[in-house]
Structures are given as C-alpha cells and as structure tokens.
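A.B. asks: Below is the structure I would like to discuss, written out as structure tokens.
The values are calculated or read from the model by the stated rules, or taken from the named source; none is laboratory data. Computed from a predicted structure; not experimentally measured. Counting neighbours? That spans all protein chains shown, and the Cβs are built from the backbone with ideal geometry, glycine included. Areas reflect the complete protein model, heavy atoms only, side chains present, ligands, DNA and RNA absent. Shrake-Rupley method; radii C 1.70, N 1.55, O 1.52, S 1.80 Å.
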Amino acid sequence: RADSGDDEFSKQAIHFYLYGYFEDFFLGQLKDLMERYFTAAKPKFDYMTLYPTSKQNGFNIHMDGLLKKLSALTGMPYRQILTRNRDIKSNHDLKTFEERKNNVAESIDVLEDVKGKRILVVDNTSTTGISLIEITNQLLAKGANTVVCLCLALSDKEKETDFDLNLSKKWDINEIITKFKSKKLSREER
C-alpha cells in the first residue's frame, strides 16, 4: 500500500504503477530475470499476459507498456488474454482470507483457448497470492500446460505465506515450476 511502503523499492514500485516513473529500472530488472530464468526454459513459454486491475475490463497502462517493451527485448510474446468481468474490491482492504477468496472468485474471463499453453502471468504486486492462485487454477482448468506468476513486488501483509526464491542461484525454470506449483483447488474448495 502507498501508506506502508517506506523503503525505496516499494516507493519506486508504487510510483511506477501509479505514474509510470522508474520504468527503465523495472524493465532492466525484468529483462535480466527473463533472460536468466524464462527465455531459456524448455519448452519455451508461449506468451506472457498481464493480470487485470480490480475494475471491469481494466488494466494498468504502465504495466501494459512495460510488458510490450519487455516482449520486444526478450522475444517472448505478450498477449492480453485476461479481462476482469466485474468490478471487485481491492484485496489490500479486505481483512480475511475468505473475504479475499470470495472477492476474486470467478471475476476473470480468459479470452483465448489456452489448451496446452505455457503462460507467464505478470502482476504488479501480490498481497496474499489468492488472486494469482485463482487465475492459475482457472487457466489450468481450461487446459493450460503450465502457469507461472511473476510480480514486481510482494506485500508483507501475509509474510508467512511468502517463500524465499534465491535469485543469486541459477535456477532451472522447470525446477521452480515443480517446487512451487500450487495445489489445484476444486470448485468446492474455492
């Protein structure tokens, strides 16, 4: 949240999302990350897509521009295949896991056939991970082969659910997918 991000990185992430400042910094960081972990993946990812904002049919123009530039630099296609089908509340403002889960449930439409695809979903931040778990499960249910989520920043709101991905280590993307793959929830569990 803007009122809790006192460190320099958080301020940069917030200002990028709101105003587009520091785009070159995030573009450089993401390009390095993509080259180290994602463009060398076997098989390659079919494309990356942007996670929508909380508004119906909304997406952040700064994130969209960033992914277009990242696509041009890395060669990984960028296709916007996700859209919000209704307004939802900001997960930052909700207090319980259940409220967050119900808030995002069935609020995203997938605009293309994803059967057999390897998809990288990019979001600006993750507070609890519930939004990304929801879209991962939805894409897998629609036949996607692999879904990996990438965020510019993580909130400390649910710190106990974070994991430490040591970026100084040379990871194999397939190891990351296997190690951190979320359990697919049935419709009843969601």
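A.B. asks: Give, as a single signed number, the net charge of other residues whose beta carbon lies under 12 Å from the beta carbon of Gly20, with Lys and Arg counted +1 and Asp and Glu -1.
C.D. replies: Surrounding charge for Gly20 is -2.
A.B. asks: Just list whichever of Lys55/Lys117; Lys11/Lys31; Lys42/Lys142; Lys44/Lys95; Lys11/Lys115; Lys95/Lys117 have alpha carbons separated by over 31 Å in the model shown.
C.D. replies: In this structure, Lys44/Lys95; Lys11/Lys115; Lys95/Lys117 exceed 31 Å between Cα atoms.
A.B. asks: Would you mind working out the accessible area per residue for segment 1-114, using a 1.4 Å probe, and quoting it in Å²?
C.D. replies: For segment 1-114, the solvent-accessible area averages 55 Å² per residue.
A.B. asks: Additional query: How many nm is it between the label spots at Lys42 and Ile61, if each spot is 7 Å from the Cα in line with the beta carbon?
C.D. replies: The modelled label-to-label distance comes out at 4.3 nm.
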